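Comments concern the structure below.
The values are calculated or read from the model by the stated rules, or taken from the named source; none is laboratory data. What you are looking at is a predicted structure, and each value in this text was computed from that prediction instead of being measured. Glycine gets a Cβ as well: all are built from the backbone with ideal geometry, and neighbour counts include every protein chain shown. In case anyone asks, the SASA skips ligands and DNA or RNA and just uses the protein heavy atoms, side chains included. Shrake-Rupley method; radii C 1.70, N 1.55, O 1.52, S 1.80 Å.
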Amino acid sequence: MSLLVVGLSHRSAPVSVLERASLAADTQAKLLQDTLAAEPAAEGAVLATCNRIELYADVDKFHAGVAELSTLLSQHSGVGLEELTPYLYVHYEDRAVHHLFSVACGLDSMVVGEGQILGQIKDALALGQDLHTAGRLLNDLFQQALRVGKRAHSETGIDRAGQSLVTFGLEQLAGGPDVDSWAKGKRALVIGAGSMSSLAAATLARVGVSEIVIANRTAARAERLVQILTEPGSTGVAARAVEMVAVGDELTRADIVVSCTGATGLVLTGDAVETAMAGRTAPLALLDLAMPRDIDAAAHRMPGVRLVDIESLAEASADAPMAADVDQVRSIVSDEVAAFGAAQRAAHITPTVVALRTMAADVVAGEVARLEGRLPDLDDKQRAEITQTVRRVVDKLLHAPTVRVKQLASEPGGAGYADALRTLFDLDPETVASVSRADLNDADVKNRGRV
């Protein structure tokens, strides 16, 4: 295993850099394709969220891999390599596994313990599977990360260590944790209909707003979100969908605006907010969860306007107290990293063991054929009994060594046992490689759609 991750996040880079380095969906696909075209990388996956961009790869050379992945991130993000490099972090092998598992548990999130990252990891895996850039290593890694994240949330109180980014943002707007009293009866405008916007709409409905207006470039998605909010037995909130051109008018009536789109430019300009405020006396609360930002930062300086964005959330969460459950989650992550490493090391020697047993079976077949030539009068029963006896002898001789070598290979530093087996038994490298290729093909078929 030669797992490498190169990335940047809210912990390593200022929001202004993250904002410029954000990757659109089509850019992510092109980045993955170029990653596999690069010489050091055999697999690739990209995890891109509002506050992190990480490129995972299975590489055969560490230094060449770091250089290549850094260059690819620079090229596809549009941020120059010299400017980007100081903000990049690098994790390799077990440290890379530990990093992703920590991310999956919410330990590396802006708001500790938030669970939305699991959906984003799931999306990253799905993209890698769709483009066939995630092979056995990254499929195993991301599948395990999802399981680790779910385990952390089910076995600990990590959820209590922080809220979702939406809830945390609303608390900042409300000036405290009593969001229900602050939001009750207010009108809300949600711009966007993706996963974050859907979460925002559901949260707003739960805290008691009187009306939610959904604006989205794709009308069908906005209508679908309205349908979910208003279906019988759900939130009971009044909701309707509007086109993006109606946002200006809705802005004059809304008390709370939450925006999270995939737009590359501003969705709400300073002029649009200023125009909306000219015709109203009530204050306006703006929550910008997009990266790059949807709402002009100049709005924060306007009278009656309160703006909370990713940058201000990062500053507010820096002083948030850590829950005692975090230590328990860290322990889970450490255990899971050790288990993943052992499983990968054991899997690494499997093709060699299979090749050894294949060679042994060929030797048995050859010796039985030679015996038949020398003893042509053997009947079928005698021939079968001799063949079975020889096979048993070979199996018993190989059983203990192959079981033990798998155990040894699963331990740290056990990678050399595969080489030792190949040398001792003079195994054909091509035979071992063919078994590995067959395993990779089987894993690709098995993991299709498994997210």
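With respect to (1) open to solvent by 40 Å² or more (accessible area, probe 1.4 Å); (2) assigned to a loop (DSSP other than H, G, I, E, B), the lone exception for Ala13 is condition (1). Val79 meets all of the listed conditions (1) of a type in the set (Val, Ile, Thr); (2) over 16 Å from the mean Cα position of the chain (by Cα); (3) under 17 Å from Ser334 (Cα atoms); (4) modelled with pLDDT of 90 or more but one, namely (3). The numbered conditions (1) of a type in the set (Phe, Trp, Tyr); (2) at pLDDT 95 or above; (3) open to solvent by 10 Å² or more (accessible area, probe 1.4 Å) are all true for Phe62 except (2).
Of everything in region 313-330 that is open to solvent by 60 Å² or more (accessible area, probe 1.4 Å) and among the small types (Gly, Ala, Ser), the residue that is modelled with the lowest pLDDT is Ala318. In this structure, Glu385 does not qualify as at pLDDT below 85, farther than 26 Å from Arg151 by Cα, open to solvent by 50 Å² or more (accessible area, probe 1.4 Å) and in a helix (DSSP H, G or I). For Thr230, the conditions (1) of a type outside the set (Lys, Arg); (2) modelled with pLDDT under 90; (3) on the phi > 0 side of the Ramachandran plot; (4) in contact with a strand residue (DSSP E or B) (Cβ under 9 Å, 6 or more places away or on another chain) are fulfilled apart from (3). Criterion applied to Ala25, Ala57, Ala48 was being under 28 Å from Leu107 (Cβ atoms), open to solvent by 20 Å² or more (accessible area, probe 1.4 Å), under 17 Å from the mean Cα position of the chain (by Cα) and modelled with pLDDT of 90 or more, and the one residue passing it is Ala48.
Listed here are the residues, each with its yes/no results for (1) among the charged types (D, E, K, R); (2) at pLDDT 90 or above; (3) open to solvent by less than 10 Å² (accessible area, probe 1.4 Å).
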residue	(1), (2), (3)
Leu125	no, yes, yes
Val148	no, yes, yes
Leu170	no, yes, yes
Leu173	no, yes, no
Asp178	yes, yes, no
Leu204	no, yes, yes
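Scanning for something touching a Pro at 6+ places or on another chain (Cβ under 7 Å), in contact (Cβ under 8 Å) with a residue 60 or more places away in the chain and of a type in the set (Asp, Glu), does region 41-57 turn up at least one residue? No, that holds for no residue. Selection of region 183-213 for residues being farther than 19 Å from Leu266 by Cα and β-branched (Val, Ile, Thr) yields Thr203, Val207, Val209, Ile212, Val213. Residues of region 108-123 that are out of contact with any Gly (no Cβ under 7 Å at 6 or more places or on another chain) and open to solvent by 30 Å² or more (accessible area, probe 1.4 Å): Gln116, Gly119, Gln120, Lys122, Asp123.
Count of region 267-312 residues, restricted to those that are among the aliphatic types (A, V, I, L, M) and over 21 Å from Gly185 (Cα atoms), is 14. Against the numbered list (1) open to solvent by less than 10 Å² (accessible area, probe 1.4 Å); (2) touching a strand residue (DSSP E or B) at 6+ places or on another chain (Cβ under 7 Å), Val79 comes up short only at (2).
The set of residues in region 131-145 being modelled with pLDDT under 95, part of a helix (DSSP H, G or I) and either touching a His at 6+ places or on another chain (Cβ under 9 Å) or open to solvent by 30 Å² or more (accessible area, probe 1.4 Å) (or both) consists of Arg136, Asp140. Evaluating Leu199 against the criteria (1) in a helix (DSSP H, G or I); (2) within 20 Å of Ala25 (Cβ to Cβ); (3) open to solvent by less than 10 Å² (accessible area, probe 1.4 Å); (4) among the hydrophobic types (A, V, I, L, M, F, W, C) leaves one unmet condition, (3).
When the residues of region 34-45 are narrowed to those that are in a strand (DSSP E or B) and open to solvent by 10 Å² or more (accessible area, probe 1.4 Å), which ends up farthest from Ser16 (Cα to Cα)? Within region 34-45, the match that is farthest from Ser16 (Cα to Cα) is Ala42.
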